[in-house]
Amino acid sequence: LEVEEAVKGLAKAGSCVVFSTHVLSQAEDLCDRVGVILGGRIVAEGTTAELCESTGAKNLRGAFFELVK
């Protein structure tokens, strides 16, 4: 929880924060933009809403699995 609060505080202060996680619900809560990497390449990038819209998914987890299948 301390890390999440620190990340939120830095972002709110205008800092660019690069956050790497496999916990997609955490990324959905913390990140303004998300990049999905597969095989060392970015296969998609955008807001959670953009990724969900482009894949027809209800959440980031669903969008991720659509993008990497």
Q | Within straight-line cross-link reach of Lys8, aspartates and glutamates at Cα separation under 14 Å, skipping those fewer than 8 residues along the same chain | A | Glu28, Asp29, Asp32
**Q.** Qualifying lysines (Cα of each under 20 Å from Cα of Lys69; at least 8 residues distant if same chain)
**A.** Lys58
Q) Mean separation of Cα pairs under 8 Å and 6+ residues apart, divided by the residue count of the chain: what relative contact order is that in percent? A) 20 percent
Q | Exposure ranking of Arg33, Arg41, Arg61 by accessible area [1.4 Å probe, largest first] | A | Arg41, Arg61, Arg33
**Q.** Difference of contour (0.36 nm per residue) and Cα-Cα distance, Lys12 to Ile37
**A.** 6.4 nm
Q | Percent of alpha-carbon pairs separated by more than 13 Å within the chain | A | 64 percent
(Q) Show me the helices of the chain, taken as full DSSP H stretches, that run 20 Å or more along their long axis by Cα and average -0.5 or above in Kyte-Doolittle hydropathy. (A) none
Q. About its Cα centre, how strong a charge dipole does the chain have in debye, to the nearest 20, once Lys and Arg get +1 and Asp and Glu get -1 at the Cβ?
A. 200 debye
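The values are calculated or read from the model by the stated rules, or taken from the named source; none is laboratory data. Because the structure is a prediction, the values reported are computed rather than measured. Every residue, glycine as well, gets a Cβ built from its backbone with ideal geometry; the counts of neighbours run over all protein chains shown. For accessibility, only protein heavy atoms count, side chains too; no ligands or nucleic acids. Shrake-Rupley method; radii C 1.70, N 1.55, O 1.52, S 1.80 Å.
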